[in-house]
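The values are calculated or read from the model by the stated rules, or taken from the named source; none is laboratory data. Quantities reported herein were computed from a predicted structural model and do not represent experimental measurements. Cβ placement follows ideal geometry from the backbone for every residue including glycine, while neighbour counts extend to all protein chains displayed.
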Amino acid sequence: MTFMLGPALLFCPADRPERYAKALERADAVILDLEDAVAPTDKVVARGALIDAHVDPERVIVRVNPVGTVDFEADMATLSQTDFRTIMVAKAESAKKIARIDPRFEIIALCETARGVVAAEKIAAAPRVVALMWGAEDLVASLGGTSSRKPGKKGPGGYREIARYARSRVLLAAGAEGTAAIDAVHVDIADERGLRREATDAAASGFAASACIHPGQVETIRAAYRPDAETLAWARAVLAAAEGERGVFRFEGRMIDEPVLRHARTAVARA
């Protein structure tokens with residue numbers, strides 16, 4: 001199983017079916033949210049909207065409520081009546097519980113609590129887990145904190161160290177199991193510069209995609225994951241040069257080995 005969606009994954013409240021099609025037009029894939037984006041009193045309506053939806057299920061992820069809750073059971077009963085087969089499990093904390101989910105579904109585990117981050121390696125190895133995602137705000141809340149970011153000159157600044165650690169650990173856990181990692185949302189919609197900086201770092205670090213909460217963030221994320229013309233030209237040139245070489249070789253004054261060639265292949269693939 002390979003995660004092929006991205007790089008821009010747009011959240012959409014599941015109780016707003018009038019937004020489904022437009023969200024899919026704007027983003028690479030859509031996360032229809034049955035958890036935090038939907039008030040408890042509206043969850044039944046949201047589930048009904050999923051049953052009645054007429055959108056491409058191959059480009060839809062449904063975020064379900066945490067395993068072990070009544071809402072999770074209701075979410076899964078609903079999805080069994082649809083063609084949606086990729087779920088994002090909110091507040092994932094137990095590989096054993098993840099493994100017991102209906103085998104018809106591929107799973108993105110959202111590690112957004114202290115327990116979830118600590119268990120990320122085991123969760124990544126669970127059956128049918130195709131990706132891990134991390135979440136900053138729920139993580140800090142689970143620790144008793146009040147903010148995932150340091151103060152900046154004009155609003156929130158960069159992530160605090162605990163959030164950076166969680167981000168790195170989830171990325172490493174996913175990579176160790178050969179699964180994808182999805183970067184957390186940038187909640188300050190007006191901060192396009194900050195979003196661009198974080199998405200660029202995510203792409204360079206090895207994340208497969210970034211989640212977002214507003215359609216206006218999609219193009220910034222896409223641009224961050226897309227290699228620039230200079231990088232792409234270099235990648236294609238070094239891969240062409242490698243065809244006539246064996247082992248390590250020199251190219252444009254730089255020693256080239258397999259890790260560098262893998263970087264180049266990734267750049268070409270993202271283009």
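Scanning for something in a helix (DSSP H, G or I), under 26 Å from Ile189 (Cβ atoms) and either assigned by TED's automatic domain parsing to the domain that holds Ala211 or at pLDDT 95 or above (or both), does the stretch 59-81 turn up at least one residue?
yes
Can you tell me how many residues within the stretch 206-265 are under 30 Å from Gly135 (Cα atoms) and either over 28 Å from the mean Cα position of the chain (by Cα) or of a type in the set (Phe, Trp, Tyr) (or both)?
The total comes to 2.
Among the residues of the stretch 51-90, how many are under 22 Å from Gly6 (Cβ atoms) and of a type outside the set (S, T, N, Q)?
Looking only at that region, the number is 19.
Can you tell me how many residues within the stretch 22-49 are over 24 Å from Gln217 (Cβ atoms) and either buried (at least 22 other Cβ atoms within 10 Å of the Cβ) or in contact with a helix residue (DSSP H, G or I) (Cβ under 7 Å, 6 or more places away or on another chain) (or both)?
2
Out of everything in the stretch 204-219 that is among the polar types (S, T, N, Q) and under 22 Å from Leu32 (Cβ atoms), what residue ends up being surrounded by the fewest Cβ atoms within 10 Å (Cβ to Cβ)?
So, considering only residues that are among the polar types (S, T, N, Q) and under 22 Å from Leu32 (Cβ atoms), the one surrounded by the fewest Cβ atoms within 10 Å (Cβ to Cβ) is Gln217.
Can you tell me which condition Phe3 does not meet? The list is (1) out of contact with any strand residue (DSSP E or B) (no Cβ under 7 Å at 6 or more places or on another chain); (2) within 23 Å of Ala204 (Cα to Cα), and all the others hold.
Among (1) out of contact with any strand residue (DSSP E or B) (no Cβ under 7 Å at 6 or more places or on another chain); (2) within 23 Å of Ala204 (Cα to Cα), Phe3 violates only (1).
In this structure, does Leu132 turn out to be closer than 27 Å to Val38 by Cβ and either surrounded by fewer than 16 Cβ atoms within 10 Å (Cβ to Cβ) or small (Gly, Ala, Ser) (or both)?
no
Among the aliphatic types (A, V, I, L, M), over 30 Å from Glu258 (Cβ atoms) and touching a residue at least 60 places away in the same chain (Cβ under 8 Å): which single residue out of Ala203, Ala190, Ala211 fits that description?
When all the criteria are applied, what remains is Ala211.
Looking at the structure I just gave you, is Arg250 closer than 30 Å to Ala119 by Cα and surrounded by fewer than 18 Cβ atoms within 10 Å (Cβ to Cβ)?
no
Which residues, counting only those in the stretch 169-197, are more than 18 Å from Arg63 (Cβ to Cβ), buried (at least 16 other Cβ atoms within 10 Å of the Cβ) and in contact with an Asp or Glu (Cβ under 7 Å, 6 or more places away or on another chain)?
Ala173, Gly194 - these are the residues of the stretch 169-197 that are more than 18 Å from Arg63 (Cβ to Cβ), buried (at least 16 other Cβ atoms within 10 Å of the Cβ) and in contact with an Asp or Glu (Cβ under 7 Å, 6 or more places away or on another chain).
What is the residue count in the stretch 31-50 for residues that are outside any loop (DSSP other than H, G, I, E, B) and either among the small types (Gly, Ala, Ser) or within 27 Å of Met4 (Cα to Cα) (or both)? Can you show your working first?
Kept after step one, since they are outside any loop (DSSP other than H, G, I, E, B), are these residues of the stretch 31-50: 31-33, 40-50.
Narrowing further to those that are either among the small types (Gly, Ala, Ser) or within 27 Å of Met4 (Cα to Cα) (or both): 31-33, 46-50.
Within the stretch 31-50, residues that are outside any loop (DSSP other than H, G, I, E, B) and either among the small types (Gly, Ala, Ser) or within 27 Å of Met4 (Cα to Cα) (or both) number 8.
Where the second residue is assigned to a helix (DSSP H, G or I) and among the charged types (D, E, K, R) and the first is free of Cβ contacts under 8 Å to residues at least 60 places away in the same chain and lies in the stretch 230-247, which pairs have Cβ atoms under 9 Å and are six or more apart or on separate chains?
Cβ pairs passing all conditions: Leu232/Arg270; Ala235/Arg265; Leu239/Arg265; Gly247/Glu258.
Which condition breaks for Ile107 when tested against (1) under 24 Å from Ser148 (Cα atoms); (2) of a type in the set (Val, Ile, Thr); (3) out of contact with any Leu (no Cβ under 8 Å at 6 or more places or on another chain)?
Going through the list (1) under 24 Å from Ser148 (Cα atoms); (2) of a type in the set (Val, Ile, Thr); (3) out of contact with any Leu (no Cβ under 8 Å at 6 or more places or on another chain), Ile107 breaks only (1).
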